[in-house]
Amino acid sequence: MIRRLDGQRPGFVLDTAHTTYAFSILPTGHAEHLYYGGRIPIRDAAALASLAEKHAFPAGNTVVCDPSHPEYALEELSLEVSARGRGDVRDPFVEIVHADGSRTSDFTFRSAEITNEKPPFRALPGSYDESGAVWHLCLTLEDKSRALALEVHYYVYPECDCICRSARLVNEGAEPVQLERLMSTQLDLPGSPWAVKCFHGAWISEMRHDSVVLPAGRLVFDSAAGSSSSRVNPLFLVHAPDANETSGEVYGFNLIYSGDHYASVEVGAFGKTRVVSGLQPAGFRFLLAPGESFEAPEAVMTWSGSGFAELSLRLHRFVREHIVRGAWKKKERPVLLNSWEACYFNISESRLLSLARAAKDVGVELFVMDDGWFGERSDDSHSLGDWTENRKKLPGGLAGLAKKVNDLGLRFGLWVEPEMVNVQSELYRAHPDWVMQIPGKPHAEGRNQRLLDLSNPAVQDHLIETMSRVFSSAAISYVKWDCNRIFSDAYSPCLPAERQGEVGYRYVCGLYRVMAALTERFPDILFEGCASGGNRFDLGILCYFPQIWASDNTDAVCRARIQEGYSFGYPPSVLGAHVSASPNHQTLRDTPLATRFHVASFALLGYECDLRDLSADEKREIREQIALYKKWREVLQFGDFYRGRSGNVHEWTCVSPDRRRAVGLLLRELAETDRPSERFRARGLDPDATYQFYNLMRRVDVRCFGSLINTLAPIHVRPDSVMHDAIARVVKMPGETENALLSGGALMDAGIPLHQAYCGTGFNEEVRVFPDFASRLYFMEAQASASAKKK
Ligand code: DGJ
């Protein structure tokens, strides 16, 4: 809820279920930030005024911006919004070059309006509300000497403890201005040092995360790749240096935007910590003619006083309820098989159909044809842009293939990469002016392709029509929307020289227009975003597509780390994860099939390997995996995800919203001989409920003991020999069985002691064989209480 409390100054209090955010207007007219943290009662204007800092003289050699109030120096204050030029030398929220070439702006209070609605933005996606619970405050500031208005919007989502902010600059004057920076949020925190956790990486190494303590100076993490990028995700956390999963203050930030972004955390001269986040200012310049306005993307903020776990749960709830939308918002997602790592570009109808038959046989629900189906596409050098099926590969076309796949009892989906064009394509030959490139200058290549100029409305229209034709040409239930290169030589042939600083932003707005049109026209298609894996994993994409392919890295160990990284800000229901071949194609690492499944099952499960090459045992195992996943899918896709230990051991729990059912994962990267006893500690359970804790007993393959078999075998067995394989087929030793009844409190606080791990001294069915990359799933089901049973 949002309240206006006017005493000597106008004041505003924004409350969520567990947090309070407060600011008021100084006598100078500037908006002074007062508080953001755990919920506090602020009953009246006097209570709000008591939170204001006390200033008598300007500190140090600061500058006084308003001579009638010499006690205030902007550099020393906590501000809601700061501009360049009036003495606040910290990273600003807004920077404008005026018609006279000066860069000084000064925004002070004009008005405020509180409503209960979330109006959509004009060109950008934003959070939305279906429950009628959202509160909206529009604070309008003005630079009187420049005839500029700055709207600062606050959207409060009480139930998930999130507050969103966005900004809009309106040129009310008679002369044009150049906007060089407009951030989406600013938070001036009292004191320092805070630690900052950012999520950085690269292709197949997305979402690594590190925290650094910032005692002084400015830490910037940003993307200049044209997309939100795997280099630095827009998600970041600012936290108490000693915060952990269950204790300590943490602020979480994210941005609803898919292009270049910027965030900085800065300790100013007077020890306060400023956080700003929004559009990347480097290379950005937007010409604002008289009467025009510019809208910045929406930023998301949340706070937790009890560590990262609570913060993540709040962000997850926000993404599920206020970002993801449409028919698939709450619908269970199908188990799919994707052709990429099975076939790469080498596809044909017969190959795909035999793969689809194998997929159907193990319980897959959706068959996805990846790259290679159109134009003259047999590698990445040709045909992007020419979205007509290759009849040599698909004699019956898309419609024919889709029908045959449907006849097998599977839904059909396909891959597209609409934003790109190969120079070797009919589209490029027909429309070289539709491509993002500097006419007459050499162009840097990325995966042999270039970006279409989505800032051009004609290109947007072309994509909407071309993709509509493709999506309606066959029974298509799913679309994987890829984007495989980053920006270079960014230049739009359709914009004049003085507007080239707008290209990146206009591209992203153009992309959103195309995505909005297509998702509206095809509401039942399940769209999955992708950009070389996680190169555009952000809340902007999730406003249109309910899920994103998280990484091209399908190695289970890497994936455990990557998915753990995403889990800080994104729920399992938006992460695509596949079981692939072993050795893995990205790392050449061998991992057990069970581990590959366990990791992928904590997200949206798919398979991406040639099922036809697998042994009968492996196929049986996959059939069992898929059946198990379907049984627990609701919990695994839409439950609350908790991280436990992480590092060499990954310990996860996913709990149903009513806390009656939960699944746990324990994965060890490298075996440790001095850790025979180990506990699994669950999270998120009902402490008072009694749970049955169990695993599904797995048979142990004798081959995992290598030449140790000769300590028992009556004849000598050469490891990896035919005889070794034959024995393995016949002798299936029982693995350990966990089965216990215990309280949620015990499972979470004490943890359940597991069977002893193999540690070189002996094996029987009481021993947990846990070599490198081994993992287990544990299931927890609440028992009906005695009182409930009586009823
Ligand atoms: C990159 C994607 O991330 C892969 O999954 C695959 O679709 C290829 N592109 C196809 O070119």
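The values are calculated or read from the model by the stated rules, or taken from the named source; none is laboratory data. Note that the structure is predicted; figures quoted are calculated from it, not measured. A quick note on method: Cβ atoms are made from the backbone with ideal geometry, for glycine too, and the neighbour counts reach across all protein chains shown. Please note that ligands, DNA and RNA were not included when accessible areas were found on the heavy atoms of the full protein model with its side chains. Shrake-Rupley method; radii C 1.70, N 1.55, O 1.52, S 1.80 Å.
How many residues does the stretch 253-281 contain that are over 30 Å from R485 (Cβ atoms) and of a type outside the set (A, V, I, L, M)?
Count: 7.
Give the number of residues within the stretch 700-732 that are open to solvent by less than 70 Å² (accessible area, probe 1.4 Å) and of a type in the set (S, T, Y).
1
Report, ordered by the first and then the second residue, all pairs with beta carbons closer than 6 Å, sequence separation of six or more or different chains, a first member in the stretch 4-29 that is among the acidic types (D, E), and a second member that is part of a loop (DSSP other than H, G, I, E, B).
If the second residue must be part of a loop (DSSP other than H, G, I, E, B), the pairs left are D15/M1.
Which of the numbered conditions does F487 fail, given that it passes all the others? Conditions: (1) more than 14 Å from the ligand (Cβ to nearest atom); (2) modelled with pLDDT of 95 or more; (3) open to solvent by 50 Å² or more (accessible area, probe 1.4 Å).
For F487, the exception is condition (3).
Restricting to the stretch 1-35, what's the tally of residues that are under 30 Å from E310 (Cα atoms) and in a strand (DSSP E or B)?
19
For the stretch 504-534, enumerate the residues that are in contact with a Phe, Trp or Tyr (Cβ under 7 Å, 6 or more places away or on another chain) and within 13 Å of the ligand (Cβ to nearest atom).
Answer for the stretch 504-534, where residues must be in contact with a Phe, Trp or Tyr (Cβ under 7 Å, 6 or more places away or on another chain) and within 13 Å of the ligand (Cβ to nearest atom): E528, G529, C530, S532, G533.
Give G440, G446, G396, G413 a once-over and let me know the one that is more than 27 Å from I626 (Cβ to Cβ) and within 16 Å of the ligand (Cβ to nearest atom). Walk me through how you get there before you give the answer.
Details: G440 fails: within 16 Å of the ligand (Cβ to nearest atom); G396 fails: within 16 Å of the ligand (Cβ to nearest atom); G413 fails: more than 27 Å from I626 (Cβ to Cβ).
Step by step, each of G440, G446, G396, G413 is checked, and only G446 is more than 27 Å from I626 (Cβ to Cβ) and within 16 Å of the ligand (Cβ to nearest atom).
When the stretch 471-487 is examined, which residues are found to be free of Cβ contacts under 8 Å to residues at least 60 places away in the same chain and of a type in the set (G, A, S)? I'd like the intermediate steps shown before the answer.
If we filter the stretch 471-487 for residues that are free of Cβ contacts under 8 Å to residues at least 60 places away in the same chain, which is where we start, we get 471-472.
Listed by number, the list holds a single entry, S472.
Based on what the data block shows, is L495 farther than 23 Å from D210 by Cβ and either assigned to a strand (DSSP E or B) or in contact (Cβ under 8 Å) with a residue 12 or more places away in the chain (or both)?
On the way: farther than 23 Å from D210 by Cβ: yes; either assigned to a strand (DSSP E or B) or in contact (Cβ under 8 Å) with a residue 12 or more places away in the chain (or both): yes.
It is true that L495 is farther than 23 Å from D210 by Cβ and either assigned to a strand (DSSP E or B) or in contact (Cβ under 8 Å) with a residue 12 or more places away in the chain (or both).
With the requirement that a residue be more than 12 Å from the ligand (Cβ to nearest atom) and either under 29 Å from D555 (Cβ atoms) or under 20 Å from the mean Cα position of the chain (by Cα) (or both), what does the stretch 337-351 give you? Even if it seems obvious, please write down each step before you answer.
Of the residues in the stretch 337-351, the ones more than 12 Å from the ligand (Cβ to nearest atom) are 337, 346, 348-351.
Matches in the stretch 337-351: L337, N346, S348, R351.
Across the stretch 567-585, what is the total count of residues that are within 18 Å of Y344 (Cα to Cα) and of a type in the set (S, T, Y)?
2
If you take the residues in the stretch 393-408 that are of a type in the set (D, E, K, R) and touching a residue at least 24 places away in the same chain (Cβ under 8 Å), which one is surrounded by the fewest Cβ atoms within 10 Å (Cβ to Cβ)? Lay out the reasoning, then the answer.
Just the residues of the stretch 393-408 that are of a type in the set (D, E, K, R), to begin with: 393, 403-404, 407.
If we keep only those that are touching a residue at least 24 places away in the same chain (Cβ under 8 Å) as well, we get 393, 403-404.
Numbers: K393: 21, K403: 14, K404: 18.
Within the stretch 393-408, the match that is surrounded by the fewest Cβ atoms within 10 Å (Cβ to Cβ) is K403.
Out of the residues in the stretch 353-373 that are out of contact with any Lys or Arg (no Cβ under 9 Å at 6 or more places or on another chain) and either within 16 Å of P395 (Cα to Cα) or open to solvent by less than 20 Å² (accessible area, probe 1.4 Å) (or both), which is nearest to the ligand (Cβ to nearest atom)?
Ranking the candidates gives M369 first.
Can you give me the number of residues within the stretch 331-352 that are open to solvent by 20 Å² or more (accessible area, probe 1.4 Å), more than 14 Å from L401 (Cβ to Cβ) and outside any helix (DSSP H, G or I)?
5
Residues of the stretch 409-438 being open to solvent by 20 Å² or more (accessible area, probe 1.4 Å) and not in a helix (DSSP H, G or I), which ones?
Within the stretch 409-438, G409, R411, V423, Q424, H431, Q437, I438 qualify.
Could you tell me which residue of the stretch 30-67 is nearest to V89 (Cα to Cα), considering only residues that are open to solvent by 60 Å² or more (accessible area, probe 1.4 Å) and in contact (Cβ under 8 Å) with a residue 40 or more places away in the chain?
G60
Output the number of residues of the stretch 254-268 satisfying the condition of being part of a strand (DSSP E or B) and either under 12 Å from the mean Cα position of the chain (by Cα) or among the acidic types (D, E) (or both).
At the first step, the residues of the stretch 254-268 found to be part of a strand (DSSP E or B) are 254-256, 261-267.
Those still in the list that are either under 12 Å from the mean Cα position of the chain (by Cα) or among the acidic types (D, E) (or both) too: 254-256, 266.
Of the residues in that region, 4 qualify.
Out of the stretch 457-484, which residues are polar (S, T, N, Q) and open to solvent by 20 Å² or more (accessible area, probe 1.4 Å)?
Step one: filter the stretch 457-484 for residues polar (S, T, N, Q), giving 460, 466, 468, 472-473, 477, 484.
Once the filter is applied, which keeps residues that are polar (S, T, N, Q) and open to solvent by 20 Å² or more (accessible area, probe 1.4 Å), the stretch 457-484 yields S472, S473, S477, N484.
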